[in-house]
């Protein structure tokens, strides 16, 4: 790894911009994600910024079980993100489908559609758990 | 709330439709249930709208009662709620649309078509609601005995 690569890697780790994607959540995890972004929990100290478009985002924060209606849209949005990209499944439903598994309109966890880098379980997840999961993802990127 | 009592609503409907309506139940204050044959549904709803001051369709509920499907139209009569029950056989689940009278009925009627497999006559063609776009034809999740494996055998 030359100096330039190191610089790029360092800047990526210091500014992971996120896209918040609701794939069929009950809104509880969404509120916790927004909570984590507030100054009280201050995710921005890790350089994390919420972006409104997948084209500017490095990390997709997906909440909720994936419904059949949203599955192909989710794949399209994932494809719109620039490489390198990561997906964080926030909440039990996003990890496995949770209690909605086997429902007529639910496909399952996020990993049935797109590759997931980090799973954060909880119903809903606590903001501290989100911060912990994100930091673990970032520290794994350093290696 | 409202000038009409439950009894006077029943009287007005019986005066107009006679024995067409059956199984009257005034369950309690402000709750009236009555069975309506499916051919007269639009007529009764129109009467409620014009003569009984009904300007709001609360919702349409549907259920699979084994041999038949049952649709209940809840009409708000400025206080009392008139619930019209329509029973149709499972083999021939046709029912008239009331969307020309209440535009808000359209999503409810599409839901009856998707979830219970009703055939709503007169409803203009449209997309699936609330099921996903690529949902297989002829699969209705709220029918008794329906399983996910009926629609998606490869997943189980």
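All of the numbers you see were taken from the coordinates with simple rules; none came from a lab. Keep in mind that what you see is a predicted model, and the values were worked out from it rather than measured. Virtual Cβ from ideal backbone geometry, glycine too; neighbours counted across all protein chains shown.
Structure notes:
- Max mean-square fluctuation residue, GNM over chain A, Cα-Cα springs under 10 Å, options A:54, A:124, A:84: A:84
- Projecting label points 7 angstrom from Cα along Cα→Cβ for residue B:59 and residue A:141 puts them 4.4 nm apart.
- Approximate spin-label separation residue A:28-residue B:121, in nm, with each point projected 7 Å along Cα-to-Cβ: 4.7 nm
- Distance between the stretch B:40-108 and the stretch B:114-137 - C-alpha centres, whole angstrom: 18 Å
- What the pair-distance distribution of the stretch B:1-104 shows, using all Cα-Cα distances binned every 5 Å from zero, is 2, 12, 25, 27, 19, 11, 4, 1, 0 percent.
- Centre separation in Å (Cα based) which lies between the stretch B:1-37 and the stretch A:69-108: 49 Å
- Cα-Cα P(r), the protein assembly as shown, percent of pairs per 10 Å interval: 6, 22, 21, 17, 16, 11, 5, 2, 0, 0
- DSSP bridge pairs, the stretch A:15-141: antiparallel proportion in percent, nearest 5: 10 percent
- Computed from the Cβ-Cβ distance with R0 of 45 Å, the FRET efficiency linking residue A:50 to residue B:128 stands at 0.90.
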